[in-house]
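**Q** Just dropping this structure here.
The values are calculated or read from the model by the stated rules, or taken from the named source; none is laboratory data. In this text, all values refer to a predicted model and were calculated from it rather than measured experimentally. Note: ideal-geometry Cβ built from the backbone for every residue, glycine included; neighbour counts use all protein chains shown. Note: areas computed on protein heavy atoms with side chains; ligands, DNA, RNA excluded. Shrake-Rupley method; radii C 1.70, N 1.55, O 1.52, S 1.80 Å.
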Amino acid sequence: MTATASTTTGWVDPREQIEFGVLMANGRLAGRRFASRHEAERWAQDDEQVVEYNLVCECAV
């Protein structure tokens, strides 16, 4: 099955649910989530890093 939503159930593969965040210079994640990598990059400052993580296990991808 693909990661796209099924037309009958609305199911989405949870392994494909990726969020974007910003790892701040102090090593903590910013207290917000972003809809896209581009949005996170615009928000991040020079010494901060954009990260992607999976919603199910909250592990870096």
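**Q** Under 6 Å by Cβ, and 6 or more places apart or on different chains, what pairs join a residue from region 41-52 that is over 8 Å from Leu23 (Cβ atoms) and in contact (Cβ under 8 Å) with a residue 24 or more places away in the chain with one that is assigned to a loop (DSSP other than H, G, I, E, B) and of a type in the set (Val, Ile, Thr)?
**A** Hits for this filter: Glu52/Val61.
**Q** For region 30-50, name all the residues that are touching a Leu at 6+ places or on another chain (Cβ under 8 Å) and either assigned to a helix (DSSP H, G or I) or open to solvent by 100 Å² or more (accessible area, probe 1.4 Å) (or both).
**A** Gln49
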